[in-house]
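Chemist: I am attaching a structure below and will ask some questions about it afterwards.
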Amino acid sequence: MTARDESPGYIAQGEDSLYCVHHRAEQERRAAVLLAGPLGLERAHGYVVWVRWARYLASKGVEVLRLDYRGCGESTGRFEDATFPRWEEDLRTGLEHLRRLSPGVPVVVHGLRLGALLAARVFCTEPVEGLLMWEPPESGRTHLMEVLRRKVAADNLEGTGGEARSRDDYVAALEAGNRVEVEGQAWSRGLWRSAVGYDLAIPEREEARPWRVVHLDGRPVERFLAPGRSHSVRAPRPFFWTTSNRLLPELGPLYEDGLSFVTSTGATAPGEGVRS
Amino acid sequence: MRELIQLDVKGHRLWGTYHPPASGPRRPVGVLFFNPGHVPRAGHGDLAVLAADRLAAQGFPCFRVDLPGLGDSAGALPDTTAELYQRVCQGGFVEVAGAARAELLRRYGLEGMVMGGLCGAATTALLLADQEPERTRGLFMFEPEFYLSEQEAHATRDEAEGQGSVSTRGRLGRVTSKLFSYWGWMRMLTRENEYARLFRFVPFPRQKVLDWLMDWGSLPAVANVPLVRAWQRAVERGMPLLVITAEGKLRDVFFARIHRAALPDLSYPHLRRLRLAGTNHIFTTGGAIAACVEQLSHWATEHFGEGFSALPLGTTGFQGQERAVG
């Protein structure tokens, strides 16, 4: 039997329930991290690594809470009702829950892909001590267009999905109020429109709290999203949140970088430097 | 409504989700979903969640369980998906899946369980149904894979050919491996690799070549023989079976061939076979998830709904139903 202390559960969110898993720190608590995961198939493919990252943090004395957004995975709700602001609300609810579970330690929000977009927004308005973003898209629209590109490419390659269409056709269908099936989920006009203008909220230059963007493609400094606040780590390709032959890719440097960032937030007192 | 399940079986702590049946008469048979490959218990596009919600609304207690190392359940995993696939093919999850099922049957006071899922889930469910048929009431298998992994097939072939064959391959073998790769051709003919797009521009008798490559009368060399035998026995027992495949894709073609080769003279009245047009292996396009949920729901109600009673063993009668759903 595993010695790990992991507690899945549900948090009430209006009429719905958010599924979450609390990983208790296996040694003296140094910090707490709220994990904001990716969307759709990226969630499915990245789950093995995402769970192991949570366990790694817990083994190093970090409390972790990870959750599913409404309409996704184990959480209740209809995907058809999903929007970026609703998912952001879910993350805020998760944050409150984590604070109750882990009082008195610095709290960091950490997002991967879509989760990084949401985490950045939460960081801007909530008294958290740090923000860590892995491979954030530049905006919600950029992200959805990237997923649509994958759909178009896969359908064209495999001869699936009916009559071949372009991304613009799908966007037009969404704008017209039609549902579009993307990677098994029914995107709505509400989701599409909520992504427009939902840019990555890069914290302001004078932000005192620690935050970091980590690019996993090993890109050079001149292509950093946030020069001076970005790191570049080369993760094995294809990335673990896409279809990959490797279940457990070598991510030691990424984990160490993340842990170092998370534990360093303890240097800032909880709540210090938060904008209201 | 959903509830969490914790199962401590065979030295593992497994996490799962219970979908309680809607108010009204509760069916005496539960429905159990396993992990599709390395993916968590929700499935690709949340297929298992949607299916369990639908079946629970019809009165079926439904369960989705993460097997060791997958989803939220702790446990060691191999480094690659190919190794995991090999473990699944060899029945590596069957013992713990059986213990999980036994515990669920006991805890919820059920007469039996219908089991299945996509890909690896179907393999585990079929092997478990074969080992412990007593309380298996039916199987639903989406995109079942009846063949060994490429690596395993190569290893089997190398073993059979002996050490000398390794050196005789070498550079020439590497050069020609693409051109003469059985799997490469199969993937292309079933439109699952990058060369398949050529068919859009070049007239090519894809189906004819596929038919020519297939020897419909015998099992292919890459067949997972223990799994095929398990399939034969499941059909012979007269267990209700639902098989859904992506029309024209690799598993669809293999299933047709294996089924035909393994059961040439048998009738199989309890098998329903559906082929979904325009979708992929994981059912995430072409409306396949909705179709799959719909079909599973009809099948379950038909076989385990009102007036359900334990099925007699043995079969008589007509050939199975086969339909294509577009």
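A short reminder: the numbers here are calculations on the coordinates, not readings from a lab. Predicted, not measured: the structure shown is a model, and the values here were computed from it. Ideal geometry is used to build each Cβ from the backbone, glycine not excepted, and the neighbour counts take in all protein chains shown.
Chemist: Could you line up A:V21, A:V171, A:V109, A:V51 from fewest to most neighbouring Cβ atoms inside 10 Å?
Modeler: Lowest to highest Cβ neighbour count: A:V171, A:V21, A:V51, A:V109.
Chemist: Calculate the length of the line joining the C-alpha centroid of segment B:22-40 to that of segment B:217-273, in whole Å.
Modeler: For segment B:22-40 versus segment B:217-273, the Cα centre distance is 24 Å.
Chemist: Report ³J(HN,Hα) in whole Hz for each residue of segment A:114-127, in order, from the Karplus equation J = 6.51 cos²θ - 1.76 cosθ + 1.60 where θ = phi - 60°; Gly and Pro get x.
Modeler: 3, x, 5, 4, 5, 4, 4, 5, 5, 4, 5, 10, 10, x
Chemist: What is the average number of partner chain Cβ atoms found within 10 Å of a Cβ in B:290-301?
Modeler: Working: counts 3, 0, 0, 0, 0, 0, 0, 0, 0, 0, 0, 0.
Counting other chains' Cβ atoms within 10 Å and averaging over B:290-301 gives 0.
Chemist: Under 14 Å from the Cβ of B:A121, count the other residues' Cβ atoms, weight Lys and Arg +1, Asp and Glu -1, and hand me the total. Kindly include the intermediate steps, with their values, before the conclusion.
Modeler: Values: positive: B:R41, B:R64, B:R87, B:R101, B:R251; negative: B:D66, B:E143, B:E145.
So the environment of B:A121 carries a net charge of +2.
Chemist: Right, another one. So how do A:Y255, B:Y268, B:Y182 line up by other beta-carbon neighbours within 10 Å, fewest first?
Modeler: Working: A:Y255 17, B:Y268 20, B:Y182 13.
Ascending number of Cβ neighbours within 10 Å: B:Y182, A:Y255, B:Y268.
Chemist: Tally Lys and Arg at +1 and Asp and Glu at -1 over the other residues with C-beta under 9 Å from the C-beta of B:P61: what net charge comes out? Don't skip to the end; give the middle numbers.
Modeler: Working: positive: B:R26, B:R27; negative: none.
Spelling it out: positives minus negatives among the neighbours equals +2.
Chemist: What is the mean number of Cβ atoms from other protein chains located within 10 Å of the Cβ atom of each residue in peptide B:49-62, rounded to a whole number? Intermediate results must be reported in sequence, preceding the final value.
Modeler: Numbers: counts 6, 2, 0, 0, 1, 0, 0, 0, 0, 0, 0, 0, 0, 0.
For peptide B:49-62, the averaged partner shielding equals 1.
Chemist: Describe numerically, in nm with one decimal, the distance between label points set 7 Å from Cα along Cα→Cβ at A:D5 and at A:E96.
Modeler: For A:D5 paired with A:E96, the spin-label model returns 2.5 nm.
Chemist: Which aspartates and glutamates, on any chain, are close to B:K10 with Cα under 20 Å apart, when same-chain ones fewer than 8 places away are left out?
Modeler: Hits, sequence-local ones excluded: A:D5, A:E6, B:D66, B:D72, B:E95, B:E103, B:D130, B:E132.
Chemist: Going toward the positive end of the dipole of segment A:45-190, with +1 on Lys and Arg Cβ and -1 on Asp and Glu Cβ, which of A:G73, A:F123, A:P136 do you reach last?
Modeler: Among A:G73, A:F123, A:P136, the one farthest towards the positive end of the dipole of segment A:45-190 is A:F123.
Chemist: Okay, next question. Quick one: if you stick a label point 7 Å off each Cα along the C-beta vector at B:A57 and A:T125, how many nm between them?
Modeler: 3.3
Chemist: Can you tell me the FRET efficiency between A:E256 and B:V225 if r is taken as the Cβ-Cβ distance and R0 is 51 Å, rounded to the nearest 0.05?
Modeler: On the way: r = 46 Å, r/R0 = 0.90.
The calculated FRET efficiency here is 0.65.
Chemist: Right, something else. What order do you get for B:74-81, B:16-23 when each peptide is scored by the mean count of other beta carbon atoms within 10 Å, highest first? Present the calculation step by step, with values, prior to reporting the outcome.
Modeler: On the way: B:74-81: 15.9, B:16-23: 18.5.
Going from most to least packed, we get B:16-23, B:74-81.
Chemist: Sticking with this one: Report the FRET efficiency, 1/(1 + (r/R0)^6), for A:R237 and A:N178, where r is their Cβ-Cβ distance and R0 is 41 Å, rounded to 0.05. The partial results should precede the final answer.
Modeler: Numbers: r = 34 Å, r/R0 = 0.84.
E(calc), rounded to 0.05, equals 0.75.
Chemist: Right, something else. Taking other Cβ within 10 Å of each residue's Cβ, how do A:F123, A:F261 sort, fewest first? Intermediate values should be presented prior to the final figure.
Modeler: Numbers: A:F123 25, A:F261 21.
The order, fewest Cβ neighbours first, is A:F261, A:F123.
Chemist: Within 14 Å, Cβ to Cβ, of A:G177, how many net charges do the neighbouring residues add up to if Lys/Arg are +1 and Asp/Glu are -1? Please report the intermediate quantities before stating the final value.
Modeler: Details: positive: A:R179, A:R189, A:R193; negative: A:E80, A:E175.
So the surrounding residues net to +1.
Chemist: What is the distance in Å between the Cα centres of segment A:132-163 and segment A:72-96?
Modeler: Each part's Cα centre sits 21 Å from the other's.
Chemist: Could I ask something else about it? Rounded to the nearest 5, what % of the DSSP beta bridges within chain A are antiparallel ones? Display every interim value, and only then the final one.
Modeler: Details: 17 of 40 bridges.
Of all bridge pairs located within chain A, approximately 45 percent are antiparallel.
Chemist: So which aspartates and glutamates can A:K151 reach, going by Cα to Cα under 15 Å and dropping same-chain residues fewer than 8 places off?
Modeler: By straight Cα distance, A:K151 reaches A:E42, A:E163, A:D168, A:D169, A:E181, A:E183, B:E192, B:E194.
Chemist: Moving to a separate point now. Out of A:A36, A:A173, A:A116, any idea which swings most in a Gaussian network model of chain A, alpha carbons joined below 10 Å?
Modeler: Among A:A36, A:A173, A:A116, the largest GNM mean-square fluctuation belongs to A:A173.
Chemist: Under 5 Å between amide H atoms, partner at least 5 residues away or on a different chain: which partners does B:L32 have, H built in plane at 1.01 Å?
Modeler: B:F63, B:V114, B:M115, B:G116
Chemist: Let me know the mean shielding of B:67-73 by other chains, meaning the per-residue number of their Cβ atoms within 10 Å of its Cβ. Before the final figure, lay out the partial values.
Modeler: Numbers: counts 0, 1, 5, 4, 7, 9, 3.
Going residue by residue through B:67-73 and averaging, the value is 4.
Chemist: Just the number, please: Stokes-Einstein D of chain A in µm²/s, Kirkwood Rh from C-alpha pairs, 37 °C, 0.692 mPa s.
Modeler: Details: Rh = 19.2 Å.
Diffusion coefficient, whole number: 171 µm²/s.
Chemist: Tally the DSSP beta bridges in segment B:1-143 and give the antiparallel ones as a percent, rounded to 5. Write out the running numbers ahead of the final one.
Modeler: On the way: 11 of 25 bridges.
The antiparallel fraction comes to roughly 45 percent.
Chemist: For the pair B:Q6 and B:E134, how long in nm is the line joining their label points, each one 7 Å along Cα→Cβ?
Modeler: The two pseudo-label positions are separated by 2.9 nm.
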